Amino acid sequence: MLLQTILNRVQKQPGFVYGAIRFVPVRDRPGLEIELRGRKNRRPRCSGCQQPGPGYDTLAPRRFEFVPLWGLLVVFVDALRRVQCGRCGVRVEAIPWAEGKHQLTTTYAWFLARWAQRVSWTAVAQSFHTTWTHVYRSVEMAVAWGRAHQDLSGITALGIDEIQWHRGQHYLTLVYQIDADCRRLLWVGQERTVKTLLRFFRWFGPQRTAALHFVCSDMWPPYLRVVAKKAGLARHVLDRFHIMAHLSKAIDDVRAHEARTLRARGRAPVLTHTRWLLLTRPTHLTDTQLPRLAELLAYNLRAVRAYLLKEEFQFFWTYLSPTWAGRFLDRWCTQTMRSRREPMQKVARMLRRHRPLLLNWFCAKGTISGGAVEGFNNKAKLTMRKAFGFRTYSALELALYHTLGKLPEPQDAHTFF
Ligand SMILES: [Zn+2]
């Protein structure tokens, strides 16, 4: 069987025929060069308007990378014709296997992009003996196609989250759809300012915004302000994940402060390696960690008291009625204000200030997916870690959309995957 027969079976090129095939090194590796040429009886099509027109001239051969075969790198070679188009003037002909100035065939770009969803971009480049830039371009193409074709109808719940990057010096704002039946990343923006979130709402549009029932976010003031201004009709919810993150941070501060004080007094710092014991729920601790927690609790230190306050706060989320949850919240805040642990008091003051938004959680229960924001936060961090080497924002943005956006793909994107 001829290789051309196989190629025509798996990747027919309308208007073109596969010609000679040669062994040729590609980037110092064994490769196959496959010639393509336009059918003799067919006029070339203009790349501007897709209409056939008379040939003008022929350009120097161009090479397009295709999916590797049996350890051989594969390139298509074609001397493209130019068309004398009545509408567009002299234009290069349209080709079915690649777009614009791309050096990769569309099929190969989708192939690389799908791998880049599973392993790091560097690993994809190494596995298929291609370059990091080619992987980048492939993901760029997949994200652009997916975002142009995604369905944004029926979105009723949004989650707004911020995440640190660049060694914690910069923030990104991430906006997710968190409806119970569809959860995905919708938008990424740099920084976490009023302007950032305004840009999201401009992209999202007033019509879709008016259809929102719930918006979930942190107590970060710029977010609160923009949500009140732009999505005033939706119920604004402060979600569990962000509240508990504030409490964990407060415990951390109390613990660090206490460890410093103990060391200053020349006492053994019982608290230095205990951070995770205090931040982990008891049911998640291992058998060796549990006795250490018991030992730590025996000291009855300030951090322990803070820890107990946080543990007690977990009850808050179990309430069904906003009224009872409100009573619990007030009691908890009073108790915490008496605890004389400044970081904890700060959280209590913040919770008091945002009491109505906090109680909205109980109105939204069941209709939005509770752990959604937390789940996405973890996945976004993982994407950033895997994306080790993404120094530029644009690459990180692409990776986040690519892995968390649930973007659609064209039907034939799966051909070789
Ligand atoms: Zn044209």
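The values are calculated or read from the model by the stated rules, or taken from the named source; none is laboratory data. The shown structure was predicted, so the numbers you read here are calculated from the model rather than taken from an experiment. Don't worry about glycine lacking a Cβ; one is built from the backbone with ideal geometry, like all the others, and counts go over all protein chains shown. For the accessible areas, the whole protein counts, side chains as well, though only heavy atoms, and no ligand, DNA or RNA atoms are used. Shrake-Rupley method; radii C 1.70, N 1.55, O 1.52, S 1.80 Å.
Computed across region 1-73, the Kirkwood radius stands at 14.2 Å (inverse of mean 1/r, all Cα pairs). Over 24 Å apart at the Cα level, from the set Lys101/Lys195; Lys195/Lys230; Lys310/Lys346; Lys230/Lys381; Lys379/Lys406, are Lys101/Lys195; Lys230/Lys381. Listed as lacking a disulfide-compatible partner in the chain: Cys49, Cys182, Cys216, Cys333, Cys363, by the criterion of no other cysteine Cβ under 4.7 Å. Rolling a 1.4 Å probe over the protein heavy atoms gives region 27-107 an accessible area of 58 Å² per residue. Near Phe328, once Lys and Arg are set to +1 and Asp and Glu to -1 for all other residues with Cβ below 12 Å from its Cβ, the sum equals +1. Excluding ligands, DNA and RNA, the accessible surface per residue across region 155-204 is 42 Å² with a 1.4 Å probe.
Normalised size of region 75-168, defined as Cα radius of gyration per 2.2 N^0.38 Å with N residues, equals 1.50. Potential lengthening of the chain between His354 and Glu409 amounts to 15.6 nm, from the contour at 0.36 nm per residue minus the alpha-carbon distance.
Between Gln190 and Arg39, the distance separating the two model label sites (each 7 Å from Cα on the Cα→Cβ line) works out to 4.9 nm. Remark: relative contact order (region 123-228) = 23 percent; criterion is Cα-Cα distance under 8 angstrom and separation of 6 or more residues. Calculate how large, on average over all directions, the projected area of the Cα convex hull of the chain is; give the answer in nm² to one decimal. Spelled out: convex hull of the Cα atoms, projected over all directions, averaged, 28.0 nm².
Comparing Asn377, Asn360, Asn41 in a Gaussian network model of the chain where C-alpha atoms under 10 Å apart are linked, the largest mean-square fluctuation is found at Asn41. Loop-located chymotrypsin sites (Phe, Trp or Tyr not before Pro) across region 30-83 with a Cβ neighbour count of 11 or fewer within 10 Å are Trp70, with loop assigned by DSSP. A P(r) calculated from all alpha carbon pairs of region 321-390, with 10 Å bins opening at zero, reads 17, 30, 29, 19, 5 percent.
Computed about its Cα centre, the charge dipole of region 80-181 is approximately 740 debye, with only Lys, Arg, Asp and Glu carrying charge at their Cβ.
Simple point charges give the picture: +1 on the Cβ of Lys and Arg, -1 on the Cβ of Asp and Glu, and for region 317-387 a dipole about the Cα centre of about 300 debye.
Nearest 5 percent is fine: what portion of the DSSP beta bridges confined to the chain is antiparallel? Bridges in the chain that DSSP calls antiparallel: roughly 75 percent.
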